[in-house]
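The values are calculated or read from the model by the stated rules, or taken from the named source; none is laboratory data. Remember, predicted model here, so these are calculated numbers, not experimental data. Positions of Cβ are backbone-derived with ideal geometry, glycine not excepted, and every protein chain shown enters the neighbour counts. To get the accessible areas, we keep the full protein, side chains included, count just its heavy atoms, and leave off ligands, DNA and RNA. Shrake-Rupley method; radii C 1.70, N 1.55, O 1.52, S 1.80 Å.
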Amino acid sequence: MLPFKLIYCDAYDLNLGEHVFPSLKYRMIHDRLLAQGIAAPDDFLAPEPASDEDVLRVHSREYVHKLKTGTLSPEEIVLLEVPYSKELMEAAWLAAGGSILAGRCALQDGWAANIGGGFHHAYPDHGEGFCMLHDVAIAIRRLQSDKRIERAMVVDTDVHQGNGTAAIFGGDGGVFTLSIHQERNYPHPKPPSTIDINLPDGTGDEDYLAILEKHLHRAFQDFAPQILFYVAGADPYREDQLGGLGLTIEGLARRDALVFDYAKRNGVPAAMTLAGGYARKVDDTVQIHVGTILAMRDAAQSTVADLKTR
Ligand SMILES: [Zn+2]
């Protein structure tokens, strides 16, 4: 039994078949958490789809209409990089509802994980890079609208810069965005986050962790969020097909622990989402994502005093 909730439903699987996006990973993570006794069935909550009102706090009315009526142009579907379908659209609304629920659970329990979401390349008026709706932005706007929070921080460690996040929250003093990513990779251009850490190709564990820690320190010095959304991409892994960084599976687990340490030390509830992961072996992607859940469990079970002695 975990000390926090996991948000998941089978419809997160987009059934993309041989696509480089291994959408079956969601189900595999769910199954592995149960098979390894890390989670019990009671730890899982099923999300409701986000309401259109929720979605429209972030996305334009015209774009939402195109998604709901299946009237994206061929160019818009090319930019999305996944074939449009009604199931894909429904999965996007569910992932957004899942991140809203993860945010609420984190505010209640201190921690929560959406076994989905992290669609950080979605812009208000278009989708791209496998991302149709920006679930994390939708969750932040909903929590703000409900007056549950005023200030949020997004820490994004996916190998690809969080361009949608940066575009949505640019100039918004209520949301601090930090993205650590490979510089010479999609997306182009990269609109500015509050902090962008542009890494050279092949950056390995030690260099990565040192620079991430330095910037987390600065971020929490400059800003006092009431919730942290962690976009925990598995694609900085050295065996990733769409990434060019050099992290090991152990290094990625240390990265997760570092992010959760900062949340805990600063008394900030943390909600995580999965984001990307395209390892040559899908099993590695699943292991990395399960590792993030384990890091959250360790952080939830430790005390602040434990962290300070590390
Ligand atoms: Zn990515």
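Could you point to the residue in 20, 286, 138 farthest towards the positive end of the chain's charge dipole, with +1 and -1 charges on the Cβ of Lys/Arg and Asp/Glu respectively?
Selected residue: 138.
Can you give the FRET efficiency to the nearest 0.05 for residue 20 and residue 125, using r as the Cβ-Cβ distance and R₀ = 30 Å?
That gives a FRET efficiency of 0.75.
Rg and Dmax of the chain over Cα atoms: what are they, in angstrom?
Looking at the chain, its Cα Rg and Dmax stand at 17.5, 56 Å.
When a/c is below 1.5 the answer is rounded, else prolate if a/b is larger than b/c, else oblate, so apply that to the range 1-138 with a ≥ b ≥ c taken from the square roots of the Cα gyration tensor eigenvalues.
oblate
Report the dimensions of the range 124-187 along its three principal axes from the alpha-carbon atoms, largest first, rounded to Å.
Each principal axis gives a Cα extent; for the range 124-187 these are 39, 21, 18 Å.
In whole angstrom, how far apart do the alpha carbon centroids of the range 175-205 and the range 1-74 sit?
If you average the Cα positions of each part, the centres end up 25 Å apart.
Label point 7 Å out from residue 87 along Cα-to-Cβ: which residues of the range 118-136 have amide N under 19 Å?
So the set is 130-133.
At 7 Å along the Cα-to-beta-carbon direction for both residue 61 and residue 73, put a label point, then send me their distance in nm to one decimal.
Here the answer is 2.1 nm between the modelled labels.
Place a point 7 Å from the Cα of residue 198 along the Cα-to-Cβ direction; which residues of the range 168-191 have their backbone N under 13 Å from it?
181-191
Residues with amide H under 5 Å of residue 177's amide H, sequence separation 5 or more or different chain, H placed in the peptide plane at 1.01 Å from N; which?
Amide H neighbours of residue 177, under 5 Å, 5+ apart: 154, 194, 195.
Rounded to the nearest 5, what % of DSSP beta bridges with both residues in the chain are antiparallel?
On the way: 2 of 30 bridges.
If we restrict to bridges inside the chain, about 5 percent are antiparallel.
Calculated from DSSP H runs of 4 or more alone, at -39500 (n - 2.57) each and per residue, what is the 222 nm mean residue ellipticity of the chain, nearest 500?
It comes out at -13500 deg cm²/dmol, rounded to the nearest 500.
Number of Lys-Lys pairs in the chain under 13 Å by Cα, sequence gap 8 or more or different chains?
4
Which percent of the accessible area of the chain is formed by carbon and sulfur heavy atoms (probe 1.4 angstrom)?
50
I need the shape label for the range 176-226. Rule: rounded when a/c is under 1.5, else prolate if a/b > b/c, else oblate, with a, b, c from the alpha carbon gyration tensor.
On the way: a/c = 3.46, a/b = 1.28, b/c = 2.70.
Oblate is the answer for the range 176-226, as a/c is 1.5 or above yet b/c matches or exceeds a/b.
Just the projected area, averaged over all directions, of the convex hull on the alpha carbon atoms of the range 197-249: how many nm²?
The number I arrive at for the range 197-249 is 4.2 nm².
Could you run the Karplus curve 6.51 cos²θ - 1.76 cosθ + 1.60 with θ = phi - 60° over the range 97-108 and give me ³J(HN,Hα) per residue in whole Hz, x for Gly and Pro?
In residue order, the calculated couplings are x, x, 6, 4, 5, 4, x, 5, 5, 5, 5, 7 Hz.
From the phi of every residue in the range 30-42, what ³J(HN,Hα) in whole Hz does the Karplus formula 6.51 cos²θ - 1.76 cosθ + 1.60 yield, where θ is phi - 60° and glycine or proline is x?
3, 5, 5, 4, 6, 4, 8, x, 6, 10, 10, x, 5
Tell me which of 63, 161, 267 sits at the most positive position along the dipole axis of the chain, charges placed on C-beta atoms (Lys, Arg +1; Asp, Glu -1).
Going by the charge dipole, the pick is 267.
Given a cut-off of 14 Å, what percent of all Cα-Cα pairs of the range 1-68 lie beyond it?
Distances greater than 14 Å cover 68 percent of the Cα pairs.
Near the amide H of residue 272, under 5 Å away, which other amide H atoms are found, from residues 5 or more places off or on another chain, if H is placed in the peptide plane?
112, 113, 114, 230
Can you bin every Cα-Cα distance in the range 230-290 into 5 Å intervals starting at zero and give me the percent of pairs per bin, rounded to whole numbers?
Bin by bin from 0 Å, the calculated values are 4, 20, 28, 22, 13, 8, 3, 0.
For residue 10 and residue 145, what is the calculated FRET efficiency with R₀ set at 25 Å and r taken between the beta-carbons, to the nearest 0.05? Spell out each step's value before the answer.
Numbers: r = 29 Å, r/R0 = 1.16.
That gives a FRET efficiency of 0.30.
So who's got an amide H within less than 5 Å of the one on residue 279, skipping anything under 5 residues away but keeping other chains? H placed 1.01 Å off N, in plane.
Residues meeting the criterion, in which the H sits 1.01 Å from N, are 241, 285.
For an R0 of 25 angstrom, estimate the FRET efficiency from the Cβ-Cβ distance between residue 250 and residue 40 and round to the nearest 0.05. Write out the running numbers ahead of the final one.
Working: r = 27 Å, r/R0 = 1.06.
E(calc), rounded to 0.05, equals 0.40.
Looking at the square roots a ≥ b ≥ c of the eigenvalues of the Cα gyration tensor of the range 198-310, which shape do they give, rounded for a/c under 1.5, prolate if a/b is larger than b/c, or oblate?
Details: a/c = 1.90, a/b = 1.52, b/c = 1.25.
Taking the square roots of the gyration eigenvalues as a ≥ b ≥ c, the range 198-310 is prolate.
Kindly report the accessible area of the range 94-158 per residue (heavy atoms of protein chains, probe 1.4 Å, no ligands, DNA or RNA), in Å².
25
Once the convex hull of the C-alpha atoms of the range 94-212 is built, how many Å³ does it hold per residue, rounded to a whole number? Please report the intermediate quantities before stating the final value.
On the way: hull volume 13.8 nm³, N = 119.
Enclosed volume per residue, from the Cα hull, is 116 Å³.
Which order, highest average first, do 147-160, 269-282 follow once you tally other Cβ atoms within 10 Å for each residue and take the mean per peptide?
So the peptides 147-160, 269-282, ranked by packing, come out 269-282, 147-160.
Can you work out ³J(HN,Hα) from phi for every residue in the range 19-26, in order, using Karplus 6.51 cos²θ - 1.76 cosθ + 1.60 and θ = phi - 60°, giving whole Hz and x for Gly and Pro?
Karplus values, whole Hz, x for Gly and Pro: 4, 4, 7, x, 5, 5, 4, 4.
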